[in-house]
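Working notes, beginning with the structure itself.
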Amino acid sequence: MSVKPEATQQRQEAISQHQDPARRRDATRRREPTSRQIREEGLWRAMGLRDEEYRQIVEILGREPNYTELGMYAVLWSEHCAYKHTRPLFKLFPTSGPRILQGPGENAGVVDIGDGQAVVFKVESHNHPSAVEPYQGAATGVGGIVRDIFTMGARPVAVLDSLRFGSLEDPRVRYLFSGVVSGISGYGNCLGLPTVGGEAYFDDCYAQNPLVNVMCVGLAKQDEIALASAKGVGNPVMVVGATTGRDGIHGATFASVELNERSEEKRPSVQVGDPFTEKLLIEACLEAIRSGAVVGIQDMGAAGLTSSASEMAGRAGSGIEMDIALVPRREEGMTPYEMMLSESQERMLVVPQKGREEELMAIFARWGLQAVVVGRVTDDGLLRVTENGEVVAEVPARSLTTDGAPVYRPEARRPAYLDELWAFDWRKLPEPEGPEALGAALLTLLAAPTIASKEWVYRQYDYMVQTNTVAGPGSDAAVLRVRGPGNGKGAVKGISLTIDSNGRYCYLDPFTGGRIAVAEAARNLVCTGAEPLAVTDGLNFGNPEKPEIYWQLTRAVEGIASACRELGTPVVGGNASLYNETNGEAIYPTPVIGMVGLLADVERRCTSAFGREGDRIVLLGPVGEELGGSEYLKQVHGIVAGRPPALDLDMEKRVQKLCLAAIHRGLLRSAHDCAEGGLAVALAESCIGGNIGATVRLPYRERADAALFGESQSRILVSVAPENLDELRQLAGGYAVPVLPLGEVGGAGLRVELARIEPEGRIEPEGQTGPGTIYLPLEAMVQNWRESIARYMKK
Amino acid sequence: MWLARIRVMLKKGVLDPQGKAVLGALQTQGYKRVQEVRVGKYLEVRLHSMGRIEAEAEVEEMCRRLLSNPVIEEFSFELDELPESAER
Amino acid sequence: MKFAIVVFPGSNCDRDCFYAARDVIGQEAEFVWHTHRDLSGFDCVILPGGFSYGDYLRSGAIARFAPVMTEVERFARAGGPVLGICNGFQILLEAGLLPGAMLRNRDLQFRCEETFIRVETSRTPFTGLCREGQVLKVPIAHGEGNYFIDEAGLKDLEANRQIVFRYTDASGRVTPESNPNGSVSNIAGICNRQGNVVGLMPHPERSCEGMLGSADGRVIFESVVADLAGRGVARAANALMDRQTIHQVEKAAGGASGCR
């Protein structure tokens, strides 16, 4: 495409004079409001822009924006794209480290795993679209994050999903839940991308506003990492992949407002995914990147052409000029406004080296995909959009990006509700009487959808394709074998992946909740034998313009940042989804932590299942009796209150180091994180996993229920062969970690003898048990745990 | 210009799990009189002008070869002539 | 020997089959693009799993018209061993190289899980090393694996010993609970009359290494390697024997096809 400089000059003049008759005629022809109408009627407000933001745009442009330009700013300056409220907070995160090759700022983070290989990963939310159209909302969520990974030159190797829904008693929640799961399944399976892990929590606060966070992980050769930067003046700009239609216009703005009864009317905003085209895009883009002809490449995500072009130019400090008449379209009569804001899926913006366009076109054609030159890289820093040569929008590219968007630090105020919730004392609750009641409480917890087996979910996901899944869903963390250098000679590497959060903890104390989310994710990885490397975060919160919400957000980020710093796991990228509210009610603050770890030798891994009769069961870490914020309080007493369990990061670090060292020495037969439902649920899960019982003696100081179901942190339940117990004890001494032998593996059920610790520290002698002994046959536990979600879904 | 409206249905006797699921959903929503539901596919195919007999033969053939699987499905279609202005 | 792994747009187990054939079994393997019209030089053709053409219209319905399928048909007619896995099986059905059709799974959901399949016949090149009645632990991952054939067709399959695998429990019993998708007669895999074209829904390429949960699927790849080695011997001897006779000869000779 060639544009004569003088012609450009003239058009530039024309465009800067909004009174210009030609330009007005143009707007009328498209039946779009003129700059004057925009000003007089305050049309930016309907697009979600504030008055001062409109003034800022006028200042940047030195004139009033036309309708197309206004729309471009409105979408890119939405919270979803611009992170207006979260950007200052992101600065708190540690983002660098010896293994970090690429921190935040690109499409995804990149971490060195040795041998010239890198792992590339990121989490992204698709909450609002999933609330309105669960199947397509979730499916396109998968599509978007997968594109972020392969545009980096990495082959996507795994997907994990973090889901939050209301109670499964509610038929509409079941509709949303099953739609989201089928959407993830339908899209991910078709791509041949295994969904290897995830989590699902159920709580009323998510009934109207479910959370769908998807993390994608890719593997790349370090020298084939591609960046999303439009470098090289004169290089062509190509649009690749699917055609452009009217779908999803203003999707990003939609994601930045609260939901209400009328949200369902916004259905046209939800895009439809085409996983088949995406699969072809993956193969074609990876081939194109390997060819060396690609200078920069970026997915057209939210706000499609506008965001990809401005971000690529912004990163390179260049400009882009493109003619939208050249962009292949699916519908007739689309206006520049619609073309620039369309969120049609499975499209990419590619900047090839000048002269190698044909080569790339041939690669894409082989995969049945269109690749069309629509413009070129310029040196004037402007995003100039033309239609058949006539300028229809012209703005400084960087002003559209996060660097140019406004930043807000609203007032933060500690919510008043906390005083009341913190005043709650679980010690005043009536205690379940006798072992039967405690056993029944354990069965109730095992059947609670948050704790119960997620098999109903993950059996709909192809978690084995690519034949690297060594530990799949249902494990503390997934483990993938990494092929490549080293295969056949010496150890085979592995990566371990997890995604984790507890919104209830964050609701009760966002700082501690944020810290726990990081600590627990790391603990999950450690239980498989992996060393935690780096984090991606998905911040799901309510409306940040409310001081209480902004306080939650700030405190949670501070908590995450401190834990990441302490545990040596930098944040390499992430996503924020705010305005998760329905009719003024916010969800629990839910920062989701995705984490990646490395196993130097994948054969030296550990599972959570008890392995052999006679093995000793040992608790690594402190014994705690804390019930605040526990699943037990909610499920058995119907209470959400108290303070979440305390977290001592120093102890956490030592427990994790001990567990890793023990796994590497081959001492452990199993290792399982104590999480929701506490030690009792951890014991039951290790029994169910190994299809074998256990007999333990559990000491407690204050209350048996707190020792059984309390969710104290920094605890790992392990089993060891009897002959290794002494070595484990010695090892633990070196890390100053308490070790409590609990009992041994064996039998056809879980037997827990409760033993009160006398005030002077003496444990009751055996046989003289206080409340007695809980006994649950394996079968009863399995029945409650395995089929619980399926039973709800059959309703 | 011809417009073929093609329906592809599972043969009688072949279990239709989708139909069964929809039937169950309708009944639980109180449509007690619903007796049976079968779920099929509906396709619209536009063809350039030719004689009706030729057009019918061509649609018949594409249904047999690609659009339906004769092992489990049966098809039917209607053919309507459209004004030439509809030609794209 | 050399495997051809056919790649259709949307195939996604092609790389897994390639890895199993080359890196696990140690044979030569090459990807063959769907537009390719030449299979000379290949000893065995694998149609891998995935979602060819997005499974739009019907699974396998569009892929069967790919240019390469004419060659696959010719290869099969000449007696060459052809294995269709999952989507590959669906393509073989659509192409009419195997009888029957696929319906959506009984419960309408995609199912990914370990299954046990029983080897019903060792007469195919892909089961030659198996003992009849042997149970293999091999996973499935599909949404449309509910095998359908009418009663007359089923009788034919049985009469001609064309049922190759059935879903069973771990001990090899055919039970309703062990049928993951509603297939007629628990059928997991079948062959053509000659036995050289085999299709199955489970994924043997996913169970070739203990690390991944099972190595039971290896025997399917190893069988065809042994079968072709045997054929080579037979050809050299210029003996006109059908495969079963070869098989018996090998057994008698205590060769590669001993029971595992």
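The values are calculated or read from the model by the stated rules, or taken from the named source; none is laboratory data. These figures come from a predicted structure and were not determined experimentally. Positions of Cβ are generated from backbone atoms using ideal geometry, with glycine treated the same way; all protein chains shown enter the neighbour counts.
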*Is it the case that A:R654 is assigned to a helix (DSSP H, G or I) and either away from chain C (no Cβ under 14 Å) or buried (at least 19 other Cβ atoms within 10 Å of the Cβ) (or both)?*
yes
*So A:R643 fits all but one of (1) over 19 Å from A:Y588 (Cβ atoms); (2) modelled with pLDDT of 95 or more; what number is the exception?*
(1)
*State whether one or more residues within segment C:111-131 are surrounded by fewer than 24 Cβ atoms within 10 Å (Cβ to Cβ), touching a Pro at 6+ places or on another chain (Cβ under 7 Å), within 14 Å of chain A (Cβ to nearest Cβ) and closer than 21 Å to C:S52 by Cβ.*
yes
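Here's the yes/no breakdown for (1) closer than 22 Å to A:V237 by Cβ; (2) at pLDDT 90 or above:
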| site | (1), (2) |
| --- | --- |
| A:Q9 | yes, no |
| A:A14 | no, no |
| A:Q19 | no, no |
| A:R23 | no, no |
| A:R29 | no, no |
| A:R39 | no, yes |
| A:M47 | no, no |
| A:E53 | no, yes |
*For C:G145, which of the numbered conditions (1) more than 14 Å from chain A (Cβ to nearest Cβ); (2) buried (at least 22 other Cβ atoms within 10 Å of the Cβ); (3) free of Cβ contacts under 8 Å to residues at least 60 places away in the same chain fails to hold?*
(1)
_Between C:G60, C:G96, C:G80, which is touching a Ser or Thr at 6+ places or on another chain (Cβ under 7 Å) and more than 8 Å from every other protein chain (Cβ to nearest Cβ)?_
C:G60
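Yes/no matrix, rows are residues, columns are (1) away from every other protein chain (no Cβ under 11 Å); (2) of a type in the set (D, E, K, R); (3) free of Cβ contacts under 8 Å to residues at least 24 places away in the same chain; (4) closer than 16 Å to C:E222 by Cα:
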site	(1), (2), (3), (4)
C:G10	no, no, no, no
C:D14	no, yes, no, no
C:Y19	no, no, no, yes
C:V24	no, no, no, yes
C:E30	yes, yes, no, no
C:W33	no, no, no, no
C:C44	yes, no, no, yes
C:P48	no, no, no, no
C:G54	no, no, no, no
*Look at segment A:484-503 and say how many of its residues are within 21 Å of A:M215 (Cβ to Cβ) and basic (K, R).*
1
*Just one of the numbered conditions (1) of a type outside the set (S, T, N, Q); (2) assigned to a strand (DSSP E or B); (3) surrounded by fewer than 22 Cβ atoms within 10 Å (Cβ to Cβ) is not true of C:L136; which one?*
(3)
*List the number of the failed condition for A:P129; all other conditions in (1) surrounded by fewer than 21 Cβ atoms within 10 Å (Cβ to Cβ); (2) of a type outside the set (A, V, I, L, M, F, W, C); (3) within 21 Å of A:E338 (Cα to Cα) hold.*
(1)
_Counted residues, segment C:196-222 - those being buried (at least 24 other Cβ atoms within 10 Å of the Cβ) and small (G, A, S)_ = 3
*Does any residue of segment C:111-123 turn out to be of a type in the set (D, E, K, R) and modelled with pLDDT under 95?*
no
*Does at least one position in segment A:219-237 carry a residue that is in a loop (DSSP other than H, G, I, E, B), at pLDDT 95 or above and among the hydrophobic types (A, V, I, L, M, F, W, C)?*
no
*Would you be able to say whether some residue in segment A:714-726 is without any contact (Cβ under 8 Å) to a residue 60 or more places away in the chain and of a type in the set (D, E)?*
yes
*Among residues belonging to segment C:148-173 that are in contact with a Phe, Trp or Tyr (Cβ under 8 Å, 6 or more places away or on another chain) and of a type outside the set (D, E, K, R), point out the one that is nearest to the other protein chains (Cβ to nearest Cβ).*
C:A170
*May I ask you to say which residue of B:E36, B:E78, B:E54 is among the charged types (D, E, K, R), away from every other protein chain (no Cβ under 14 Å) and in contact with a Gly (Cβ under 8 Å, 6 or more places away or on another chain)?*
B:E36
_Give me the residue from segment A:596-606 that is farther than 30 Å from A:G559 by Cα and touching a strand residue (DSSP E or B) at 6+ places or on another chain (Cβ under 8 Å) and, out of that set, nearest to the other protein chains (Cβ to nearest Cβ)._
A:V602
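Does A:R427 satisfy being part of a loop (DSSP other than H, G, I, E, B), of a type in the set (D, E, K, R) and surrounded by fewer than 16 Cβ atoms within 10 Å (Cβ to Cβ)?
Working: part of a loop (DSSP other than H, G, I, E, B): no; of a type in the set (D, E, K, R): yes; surrounded by fewer than 16 Cβ atoms within 10 Å (Cβ to Cβ): yes.
So A:R427 does not fit the description; no.
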*Only one of C:S52, C:S11, C:S59 is hydroxyl-bearing (S, T, Y), buried (at least 19 other Cβ atoms within 10 Å of the Cβ), in contact with an Asp or Glu (Cβ under 8 Å, 6 or more places away or on another chain) and closer than 23 Å to C:R206 by Cβ; which?*
C:S59
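Evaluate the following for A:S670: is it in the same structural domain as A:G621 (by TED's automatic domain parsing), touching a His at 6+ places or on another chain (Cβ under 7 Å) and either over 24 Å from A:G474 (Cα atoms) or not in a loop (DSSP other than H, G, I, E, B) (or both)?
no
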*asked:* Looking only at segment A:491-545, how many residues end up being at pLDDT below 95, of a type in the set (G, A, S) and touching a strand residue (DSSP E or B) at 6+ places or on another chain (Cβ under 8 Å)?
replied: 1
*asked:* For segment A:176-217, give me each residue that is of a type in the set (S, T, N, Q) and surrounded by 24 or more Cβ atoms within 10 Å (Cβ to Cβ).
replied: A:S185, A:N189, A:T195, A:N209, A:N213
*Of the numbered conditions (1) at pLDDT below 95; (2) part of a loop (DSSP other than H, G, I, E, B); (3) charged (D, E, K, R), C:R231 fails exactly one; give the number of that condition.*
(2)
*asked:* Test of understanding: among A:I593, A:I587, which residue is among the aliphatic types (A, V, I, L, M), more than 14 Å from chain C (Cβ to nearest Cβ) and within 23 Å of A:L717 (Cα to Cα)?
replied: A:I593
*Name the pairs whose Cβ atoms lie under 7 Å apart, with the first residue in segment A:649-670 and more than 22 Å from A:E566 (Cβ to Cβ), the second of a type in the set (F, W, Y), and 6 or more positions between them or separate chains?*
A:S670/A:F610
*Which members of segment A:441-498 meet the condition of being over 15 Å from A:A600 (Cα atoms) and among the basic types (K, R)?*
A:K454, A:R459
